[in-house]
1. Scanning for something under 28 Å from A83 (Cβ atoms) and outside any strand (DSSP E or B), does region 9-21 turn up at least one residue?
2. Would you point out which residue out of R30, R51 is closer than 22 Å to I134 by Cα and among the basic types (K, R)?
3. Assuming H106 fulfils every condition listed in (1) under 20 Å from K22 (Cβ atoms); (2) touching a residue at least 24 places away in the same chain (Cβ under 8 Å); (3) surrounded by fewer than 18 Cβ atoms within 10 Å (Cβ to Cβ) apart from one, which condition is it?
4. Given the criterion farther than 20 Å from Y24 by Cα, free of Cβ contacts under 8 Å to residues at least 60 places away in the same chain and not basic (K, R), identify the matching residue among C36, C111.
5. Taking the options L56, L79, name whichever one is touching a residue at least 40 places away in the same chain (Cβ under 8 Å), open to solvent by less than 50 Å² (accessible area, probe 1.4 Å) and under 16 Å from T121 (Cα atoms).
6. What residue, among those in region 109-133 that are in contact with a helix residue (DSSP H, G or I) (Cβ under 7 Å, 6 or more places away or on another chain) and part of a helix (DSSP H, G or I), is surrounded by the fewest Cβ atoms within 10 Å (Cβ to Cβ)?
7. Can you name every residue in region 1-43 that is small (G, A, S) and exposed (fewer than 11 other Cβ atoms within 10 Å of the Cβ)?
8. Inspect all residues belonging to region 69-78 and state whether any of them is in a strand (DSSP E or B) and of a type in the set (D, E).
Amino acid sequence: MTAVATLEELLAEEDLQHLKDKSYAFEAERAAEFICVVIRNFLLPAVYNPRTTDLLLRLPPNFPMACPDMFWTFPHVKLANGAYPTTANVFDVQFQGRQWQRWSRHPDAGCWRPGTDNLKTFLGTIRRELQKGI
């Protein structure tokens, strides 16, 4: 049996501090090759229903040298008009006993700065994507 990793073992100090500074309710665990971070009750812009969701981030090996890709939500999120957001209608990740909604959002090539960008940067990218309301 392997020991459960602590938050300090899974996340860089600056990433952990950012989550704490924002007063997020969060947890992290290793799942396969990813470090999965779940932010509970993540507030979404008014164009989405529901307004809060759990946000799943799957950080790749070598993060932050490697760029994260996509994010997931549960419960599933729709636009106020009842439609799924653009490229967010796939439910392909099973984690913590739940089927997560994938938001297929990909950073532009060359925009991730290995060794400089971090979890704060990635969450900023997610917020900008969500503000588009599409």
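The values are calculated or read from the model by the stated rules, or taken from the named source; none is laboratory data. Note that the structure is a prediction, hence the values are computed from the model and not measured. Neighbour counts are summed over all protein chains in view; Cβ atoms, including those assigned to glycine, are modelled from backbone coordinates with ideal geometry. Surface areas here come from the heavy atoms of the whole protein model, side chains and all, with no ligands, DNA or RNA. Shrake-Rupley method; radii C 1.70, N 1.55, O 1.52, S 1.80 Å.
1. no
2. R51
3. Here H106 meets the rest and fails (1).
4. Testing whether each residue is farther than 20 Å from Y24 by Cα, free of Cβ contacts under 8 Å to residues at least 60 places away in the same chain and not basic (K, R) leaves just C111.
5. Numbers: L79 fails: under 16 Å from T121 (Cα atoms).
Every option except L56 fails the conditions.
6. K120
7. A3, S23, A32 - these are the residues of region 1-43 that are small (G, A, S) and exposed (fewer than 11 other Cβ atoms within 10 Å of the Cβ).
8. Taking region 69-78 first, the residues in a strand (DSSP E or B) are 71-74, 78.
Adding the requirement that they be of a type in the set (D, E) leaves none.
Within region 69-78, none of the residues are in a strand (DSSP E or B) and of a type in the set (D, E).
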